[in-house]
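Written below as structure tokens is the structure these notes are about.
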Number of protein chains: 2
Amino acid sequence: MNWSVLDNQMMSRAIQLARKGFYTTRPNPSVGCVIVNDNQIVGEGYHQKAGEPHAEVHALRMAGELARGATAYVTLEPCSHYGRTPPCALALINIGVKRVVVAVEDPNPQVGGRGIQMLRDAGIQVDVGLHRDEAYALNLGFMKRMESGLPWVTVKLAASLDGKTALSNGVSKWITGPEARRDVQRLRLRSCALITGIETVLADDPSLNVRYSELGSLRAQLSESQVLQPLRVVLDSRARMPITAALFAIESPILLVSTVSYSSDFMVQLPAHVTCLQLPAIEGRISLSALLSYLGKSCNQVLIEAGATLAGAFIGSGLADELVLYQAMKILGGQGRNLLELPDYQMMADIPTLKLVDERKVGADTRFTLRLESNPSLANK
Amino acid sequence: MNWSVLDNQMMSRAIQLARKGFYTTRPNPSVGCVIVNDNQIVGEGYHQKAGEPHAEVHALRMAGELARGATAYVTLEPCSHYGRTPPCALALINIGVKRVVVAVEDPNPQVGGRGIQMLRDAGIQVDVGLHRDEAYALNLGFMKRMESGLPWVTVKLAASLDGKTALSNGVSKWITGPEARRDVQRLRLRSCALITGIETVLADDPSLNVRYSELGSLRAQLSESQVLQPLRVVLDSRARMPITAALFAIESPILLVSTVSYSSDFMVQLPAHVTCLQLPAIEGRISLSALLSYLGKSCNQVLIEAGATLAGAFIGSGLADELVLYQAMKILGGQGRNLLELPDYQMMADIPTLKLVDERKVGADTRFTLRLESNPSLANK
């Protein structure tokens, strides 16, 4: 397909619009739409929040009668099913658009090409694939969940240059700087769920919420009431969670996952925003696959904020998709605590394969974003 | 001082010239000189090799009579003493230059302002400090040695993102990529001496020489015969060096340092390019301060290429000035081997203070250059 300059510009604009919903649409995807008639933008919009109108509806409302005979640029295939809103493909047909340009197909099994087919059946020209990679990247979590039923798993790590997270006595405040710690707030904000381990809760007693005051420049595009708190998940295999944990003081959803039952005494004291889930144990530990399948019902992205053992278990088992490592320009020495516990690899060919996708300074620290590529030796473990 | 545009341009040119000698002048400093008469460059030159003429002499020869009444830009204070060549300050006076611009004073106790004084006494205008930092940085090792009697100590490190240098079974080939390993050749080339430990010799049997074929683009500015091989120093406290070591096969100087005598059997078999040095032991180990004082007599820069214990000893004792860390985008896990053994710090305030001076990609790896700042808690250790 030879895309015109106008096509390129308009799809870029649509992606720019989609980004505006990046932190607020979950578990829906972020989508943008631009409607162009006679080389003029006559309508544009983006999906803002699950349950509210889709991007196409906003754009069509703005365009009104000017949408007739126009071209619609959409970052994701228009939906073809009746969900909380009627199908967008139908809306585009009814108003009489002439052409629809789609960046990427919707892997949602309820759509899966049917939106495009519906448009074509109505005699509308549909061109697919303009800025596909960018549009895909915008909804990595949604795409993975639709394709596999599992959420996109990001492991957040912070360490010194020599890979240590604390001195031998556990002292770790602070290895990374305030900018890096604020940056983590954005990772939390984009996540449907945060996962931590009971050891981290017992050692640090964290709140694991998104703190609006630490969102920096994001506050200009997001009001405090728009902040979606991620589900806070604690892996607590042997039901050791203390009822006094700081987590409970913040009224946003919490999921306690164990392999044994909590005491009834503990259960009766639990606040209403806390849910308990019992999952099968594998060698005494919670099955991480089972956990991710469970979360995959509603979570696009999950963030692992845990210690070396749990973070390493997600990576070593091949369940993690991405690492975000904040590295401080410090050295702690060999007696410090290790960043990641992984299997005792015997050959270089066995270590996880990482692909660097981004590297930048965040304050005085360096932030690496790396993708984990599927490693044959890890399959089925 | 308000420097003119011409002043700035000419000193930049002089520094550019000085850089041409960067790899060949040791143990002398790299110096460049530009002579300008009536806004025209009439002479320029740089110091190429110890024992050969200084930068000023080259530039004055080129300028000839045009040096009379001219301005000379020199990156380092002209020498005032009779060494292997007569004093450059005298040459500038004799030819009749009118003004000398100096980037930085020579801390050499044999010069130490006397070059500048000699010029001023002869009625020449001398302006000092233009591009001082850059000129200083060009000769970090020489400057430190002249000021303290000790060489500039760079510790070369290579590790994974989680600070590991090998798997638990010792497998380490290859963590960093070929570009990073070639880059190390440049570090060696700029060094008067390389220091390694007997453990590294016994484990890896390295040659530790500069390999011309791996110098990449540097070969365009340097012929093979211009390559100065660094002195290879092995710290071999208990005299365990095997006579079969690969090091001995390459005929460039080697220094074996021990705290006990080598056997006469070993001594008689040693090739002529090997020297033995016995140094005092401190808690059973070679005194690193004594070693550096010894090397400081003739070495501007030394490079530590050693394991976690020896590299850590230079850093932990406050004797290292700089770290160059090649970091591979890999994770090996907590069972891998640690990068650095340091004292068992109990507080964050006790860890070494690092300042990042450069960060860049070298092939797929990231190279960090960091300066160690003197740490009060390390003093006198």
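If you put a point 7 Å past Cα along the Cβ direction, how far is that point for residue B:81 from the same point in each other copy, in nm, smallest first?
In nanometres, ordered from closest: 8.6.
First measure r as the distance between the Cβ atoms of residue A:199 and residue A:369, then evaluate 1/(1 + (r/R0)^6) with R0 = 25 Å and state the FRET efficiency to the nearest 0.05.
Calculated transfer efficiency: 0.45.
Residues with beta-carbon under 11 Å from that of residue A:29, excluding residue A:29: net charge, scoring Lys, Arg +1 and Asp, Glu -1?
Summing Lys and Arg as +1 and Asp and Glu as -1 gives 0.
Report relative contact order for region B:5-140 in percent, whole number only (criteria: Cα-Cα under 8 Å, sequence separation at least 6).
Once divided by the residue count of region B:5-140, the mean separation gives 21 percent.
For region A:168-181, take each phi angle, set θ = phi - 60°, evaluate the Karplus expression 6.51 cos²θ - 1.76 cosθ + 1.60, and give the result in whole Hz per residue in order, putting x for glycine and proline.
Whole-Hz 3J(HN,Hα) from phi for region A:168-181: 4, 8, x, 4, 9, 9, 10, 7, 8, x, x, 5, 5, 5.
Other chains near A:42-48: what is the mean number of their Cβ atoms within 10 Å of each residue's Cβ?
Shielding by partners across A:42-48 averages 0.
If neighbour count is taken as other Cβ atoms inside 10 Å, put B:353, B:25 in order from fewest to most.
B:353, B:25
With labels modelled as points extended 7 Å from the Cα through the Cβ direction, what inter-label distance (nm, one decimal) is found for residue A:148 paired with residue B:335?
Roughly 2.4 nm, to one decimal.
Quick one: of A:173/A:355; A:355/B:156; B:297/B:330; B:20/B:173; A:297/B:164; A:164/B:361, which pairs are farther than 32 Å apart, Cα to Cα?
Pairs exceeding the cut-off: B:297/B:330; B:20/B:173; A:297/B:164.
Between copies, how close do the residue A:252 label points come, placed 7 Å along Cα→Cβ, listed in nm from shortest?
Going from nearest to farthest copy, the values are 5.9 nm.
How would you classify region A:226-274 from its alpha-carbon gyration tensor, with a ≥ b ≥ c the square roots of the eigenvalues: rounded for a/c under 1.5, else prolate if a/b is greater than b/c, otherwise oblate?
prolate
Using 1/(1 + (r/R0)^6) with R0 = 22 angstrom and r between the beta carbons of residue B:226 and residue B:61, what's the FRET efficiency to the nearest 0.05?
0.55
Within region A:199-239, whose backbone N sits under 13 Å from a point 7 Å along Cα→Cβ of residue A:16?
Answer for this model: none.
Need the full-extension length gain, residue B:98 to residue B:127, defined as separation in residues times 0.36 nm minus the C-alpha distance. One decimal, nm.
So the extension gain works out to 9.3 nm.
If a/c stays under 1.5 just call it rounded; otherwise compare a/b with b/c (prolate if a/b is bigger, oblate if not). Do that for region A:283-327, with a ≥ b ≥ c from the square roots of the Cα gyration tensor eigenvalues.
oblate
Can you tell me the Rg and the Dmax, both Å, for the Cα atoms in chain B?
Cα only, chain B: 22.9, 70 Å (Rg, Dmax).
Tabulate in residue order the Karplus-calculated ³J(HN,Hα) for region B:15-25, using 6.51 cos²θ - 1.76 cosθ + 1.60 with θ = phi - 60°, rounded to whole Hz; enter x for Gly and Pro.
5, 4, 5, 4, 4, 4, x, 3, 9, 10, 8
Within region B:1-114, what percent of beta bridges assigned by DSSP are antiparallel, to the nearest 5?
Antiparallel bridges: around 65 percent, rounded to the nearest 5.
Rounded to the nearest 500, what is chain B's calculated 222 nm mean residue ellipticity when only DSSP H runs of at least 4 contribute -39500 (n - 2.57) each, over all residues?
-7000 deg cm²/dmol, from helical runs alone.
Looking only at other chains, what is the average number of their beta-carbon atoms within 10 angstrom of each beta-carbon in B:162-174?
5
Would you kindly compute the Cα radius of gyration of region A:35-173 and its largest Cα-Cα separation (Dmax), both in Å?
For region A:35-173, the Cα radius of gyration and maximum Cα-Cα distance read 20.3, 70 Å.
Scan chain B for the residue whose Cβ is closest to the axis carrying it onto chain A, then write down that distance in whole angstrom.
Per the B/A rotation axis, the closest residue of B reads B:163, 1.
Name every cysteine in the protein assembly as shown that ends up alone, with no second cysteine's Cβ under 4.7 Å, or say none.
A:33, A:79, A:88, A:276, B:33, B:79, B:88, B:276
Using a cut-off of under 13 Å, list every residue of region A:222-265 whose amide N is near the label point 7 Å from the Cα of residue A:212 along the Cα-to-beta-carbon line.
Only A:222-229 pass the distance filter.
Over the Cα atoms of region A:10-107, Rg to Rh with Kirkwood Rh, two decimal places?
Using Cα coordinates only, the ratio equals 0.93.
Between the label point of residue A:62 and that of the same position in each other copy, find the distances and list them shortest first in nm, with every label point placed 7 Å from Cα along the Cα-to-C-beta direction.
Values, ascending and in nm: 6.3.
To the nearest whole number, what is the average tally of beta carbon atoms from other chains within 10 Å of the beta carbons of peptide B:351-357?
Shielding by partners across B:351-357 averages 4.
Listing A:175, A:41, B:304 from the residue with the fewest other Cβ atoms within 10 Å to the one with the most, what is the order?
So the residues, fewest neighbours to most, are A:41, A:175, B:304.
Taking amide H positions as placed in the peptide plane 1.01 Å from N, state which residues far from residue A:127 in sequence (5 or more) or on other chains have amide H under 5 Å from it.
A:100, A:101, A:102
Taking the Cβ-Cβ separation of residue B:49 and residue B:173 as r and a Förster radius of 51 Å, what is the calculated FRET efficiency to the nearest 0.05?
0.90
How do A:325, B:277 rank when sorted from fewest to most other Cβ atoms within 10 Å of their own Cβ?
Lowest to highest Cβ neighbour count: B:277, A:325.
Could you work out the local net charge near residue A:187, counting Lys and Arg as +1, Asp and Glu as -1, over the other residues with Cβ closer than 9 Å to its Cβ?
Its environment carries a net charge of +2.
Using a cut-off of 15 Å between beta-carbons, work out the net charge of the residues near residue B:286 (Lys and Arg +1, Asp and Glu -1, residue B:286 not included).
0
So how far apart, in nm, are the two label points at residue B:344 and residue B:357 if each is 7 Å from Cα heading toward Cβ?
Spacing of the two 7 Å Cα→Cβ label points: 3.4 nm.
Note down the magnitude of the dipole of the protein assembly as shown about its Cα centre, charges +1 on Lys and Arg C-beta and -1 on Asp and Glu C-beta and zero elsewhere, to the nearest 20 debye.
340 debye
Can you work out the Karplus-derived ³J(HN,Hα) for every residue in region A:334-344? Use 6.51 cos²θ - 1.76 cosθ + 1.60 with θ = phi - 60°, whole Hz, and x for glycine or proline.
x, 7, x, 8, 5, 6, 9, 8, 10, x, 7
Each value in this text was obtained by applying a stated rule to the coordinates, not by laboratory testing. Keep in mind that what you see is a predicted model, and the values were worked out from it rather than measured. For neighbour counting, all protein chains shown are included, and Cβ atoms are generated from backbone atoms with ideal geometry for every residue, glycine included.
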